[in-house]
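No value in this document is a laboratory result; all are computed from the given coordinates. What you are looking at is a predicted structure, and each value in this text was computed from that prediction instead of being measured. FYI the Cβ positions are ideal-geometry reconstructions off the backbone, even for glycines, and counts take in every protein chain you see.
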Amino acid sequence: MKYVIIGTSAAGITAAEELRKQQKDADIVMISSDEYVHSRCMLHKYLSHERTAEELDFTEKDFFEKNRISRIQGKVTSLDTGAKQVCLGEDEKVPYDKLLIASGANSFIPPVGDLRKADNVCGLRHLSDAQRIDSMAENAENILVIGSGLVGLDAVYGLLERGKNVTVVEMADQILPMQLDAHAAKAYQELFEKAGTTFFLGKSAKEAPCQADGRIHEVILDTGESIPCDMVIVAAGVRPATEFLDGSGIEENRGIQVNAHMETSQADIYAAGDVTGLSGIWPNAMKQGRTAAQNMCGVRAEYTDTFAQKNTINFFGLVTLCLGELRPQEGDHVLMQEDRRMYRRAILRDGKLTGMLLQGDISHSGIWQYIIKNRIDVSRMEKRLFRISFADFYGTGEKGKYVWSV
């Protein structure tokens, strides 16, 4: 049996490990355009020169050799699902019996001015992006970052370490708008400002003219303000990397469509990770890759982790953990607790905890993840919600779940 995996990030690597575990003699091939396996969560360490490209590798030493996995460096251009072949350009074709697509996602560059054609505009999603930014930053002092999500602030953090002047433009009225509320975001904004970052919040780029040298030297906001820059990093979201799927017959809808077994609409083709549009956090990508691999080997397994979100943020030593849904809806009950060491914010909907934000002190967070994931009714404990612990449960109820001890 020959298994082919497109992509060497969390989902792909985990799938390869599981395939080898399930079938000792299978032929496993991994294809990636990247020179090195790397963690995209650590790309800012490359920008700050804290780690080399090799040091971003999250696999064990000699991973491919030890697991007898063949690796091809190249760009997938199309799939021939009829002939069961992965095409790398015109000449190279890699046959498969079963295929896993774990190609991840690419940065989205919005159609604003000349952002899409200028030579000094980058996204930050792959090692190749970080290498390009690193090279350009050598001769750039004023750097503009569009977007203040985790990727954008990772880029800012890395470049501040190199003494660059960094300006951030964000459409929302706060930084980290998808992860934090205004109060928690303000704590990080103050730390970044103290380190020299300038923020333009509640504003967006309107014009980005490309000059005769093929570069953008200023970006004009919708307020008319002009921001001079030597280079631009766009962190305004991602799109699943599915450009090679045209004509393959694989169904897509904001990502490759998969069932609980991670099967696509085409026989013997599976998908996992960011390319599916499912939860993009690292542990979930690993679970998806493992589930896909098990099913590829005939072991029927289902991916059932629909936990909405789990993000850990750490800038300047301030740690925040975000769990579940953090945007309240009409009728939700929002509870907050704060002292000089920590800030907590909980969202309750119909008596059930849907989201929890912990900043400063994130210890004992497992209880909150368990309560959210299992949709436990905490209405009777609302007045002492922030003091709940596993000691408030005893034994197990239906399907092994804990039940209240009071």
Straight-distance crosslink candidates among aspartates and glutamates, where the alpha carbon sits under 14 Å from Lys352 and sequence neighbours closer than 8 are dropped:
Glu325, Asp332, Asp377, Glu382
Rounded, prolate or oblate for region 121-234? Axes are the square roots of the Cα gyration tensor eigenvalues, ordered a ≥ b ≥ c, and the cut-off for rounded is a/c under 1.5.
oblate
Per its Cα gyration tensor (rounded if a/c is under 1.5, else prolate when a/b beats b/c, else oblate), region 310-404 is best filed as prolate
Calculate one ³J(HN,Hα) per residue across region 31-39 by plugging θ = phi - 60° into the Karplus curve 6.51 cos²θ - 1.76 cosθ + 1.60, and present them in order as whole Hz with x for glycine and proline.
10, 7, 7, 7, 6, 10, 5, 8, 8
Please report the relative contact order for the chain, taking Cα pairs under 8 Å with a sequence separation of at least 6, and give it as a percent rounded to a whole number.
15 percent
Quick one: go through region 91-119 and flag any residue whose amide nitrogen is under 17 Å from the point 7 Å out along the Cα-to-Cβ line of Ser70.
91-100
I'd like to know which of Pro110, Gly224, Met286 lies farthest towards the positive end of the charge dipole of the chain, counting +1 on Cβ of Lys and Arg and -1 on Cβ of Asp and Glu.
Met286
Here region 43-58 yields Karplus 3J(HN,Hα) values (6.51, -1.76, 1.60; θ = phi - 60°; whole Hz; Gly and Pro given as x) of 4, 5, 5, 6, 5, 7, 6, 7, 9, 8, 4, 5, 7, 8, 5, 9
Considering the chain as a Gaussian network with a 10 Å cut-off on Cα pairs, which listed residue, Tyr303, Tyr270, Tyr370, attains the greatest mean-square fluctuation?
Tyr370
I need the phi-derived Karplus couplings for region 105-120: 6.51 cos²θ - 1.76 cosθ + 1.60, θ = phi - 60°, integer Hz, Gly and Pro marked x.
9, 10, 4, 9, 9, x, x, 10, x, 9, 4, 7, 10, 5, 6, 10
Give me the extension gain from Arg116 to Glu161: residue separation times 0.36 nm, minus the current Cα-Cα distance, reported in nm with one decimal.
13.5 nm
Cβ-derived FRET efficiency at R0 22 Å, His183 paired with Arg349, nearest 0.05
0.65
The residues Ile69, Ile143, sorted from fewest to most surrounding Cβ atoms within 10 Å, come out as Ile69, Ile143
Go ahead and run the numbers for FRET between Gln257 and Val299, Cβ-Cβ distance against an R0 of 22 Å, rounding to 0.05.
0.50
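Taking 0.36 nm per intervening residue step and subtracting the Cα-Cα distance, what contour gain separates Arg132 from Phe108 on full extension?
7.0 nm
Given the pairs Lys2/Lys61; Lys21/Lys75; Lys2/Lys24, which are separated by over 22 angstrom at their Cα positions? Can you show the working numbers first?
Working: Lys2/Lys61 24 Å; Lys21/Lys75 27 Å; Lys2/Lys24 12 Å.
Over 22 Å apart, Cα to Cα: Lys2/Lys61; Lys21/Lys75.
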Amide hydrogen neighbours beyond the local backbone of Ser33, cut-off 5 Å, H modeled
Gly74
Separation between the Phe58 and Leu318 pseudo-spin-labels, each 7 Å from Cα along Cα→Cβ, expressed in nm?
2.6 nm
Under a Cβ-Cβ cut-off of 13 Å, what is the net charge of the residues other than Ala260 that fall near it, where Lys and Arg count +1 and Asp and Glu count -1?
-1
Once you have a ≥ b ≥ c as the square roots of the Cα gyration tensor eigenvalues for the chain, tell me rounded if a/c is under 1.5, and otherwise prolate or oblate according to whether a/b is larger than b/c.
oblate
Given 0.36 nm per residue, what is the gain on full extension from Leu335 to Asp392 after removing their alpha carbon distance, in nm?
18.6 nm
